[in-house]
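Taking it in order: structure first as structure tokens, then the write-up.
The values are calculated or read from the model by the stated rules, or taken from the named source; none is laboratory data. Fair warning: this is a prediction, and the values are worked out from it, not measured in the lab. Every residue, glycine among them, receives a Cβ derived from its backbone with ideal geometry; neighbour counts consider all protein chains shown. Just the protein is used for accessible areas: all its heavy atoms, side chains included, with ligands, DNA and RNA removed. Shrake-Rupley method; radii C 1.70, N 1.55, O 1.52, S 1.80 Å.
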Amino acid sequence: MLAAIMVACGTASNVLAPTESDLTKIKTDFPDATTADLQNGFKLYKSNCGGCHNLHLPTEKNKEEWAKLLPEMFLKISLNQGDQKLITEYLFAKAE
């Protein structure tokens, strides 16, 4: 059973992890974004947003929905603007 849970968690992380196609997609909104930025945004998303609730799949919302929700969520956690930008880039890259 433990092995099944570990595999499921690993699979979820693989689905959420940023890819090169995500980087290409986000370049229209954030031309200076890098693969490292998306990876850092992914880590920040997991470590900060998962503390209060289950993580939403980034694809559950479109960019406009994330843009409306994120400012409210950022008020609830202590993140500098740079980290907020990394999470935003990551979520926008993965959004539908």
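Structural remarks
- For the listed peptides 40-47, 17-24, a ranking on the average number of other beta carbons within 10 Å per residue, highest first, reads 40-47, 17-24.
- Electrostatic bookkeeping for residue 94 treats Lys and Arg as +1 and Asp and Glu as -1; over the other residues with beta carbon under 11 Å from its beta carbon, the sum is -1.
- Here residue 69 sits with roughly 50 square angstrom of accessible surface, probe radius 1.4 Å.
- When the alpha carbon coordinates of the chain are projected onto the principal axes, the ranges are 43, 31, 21 Å, largest first.
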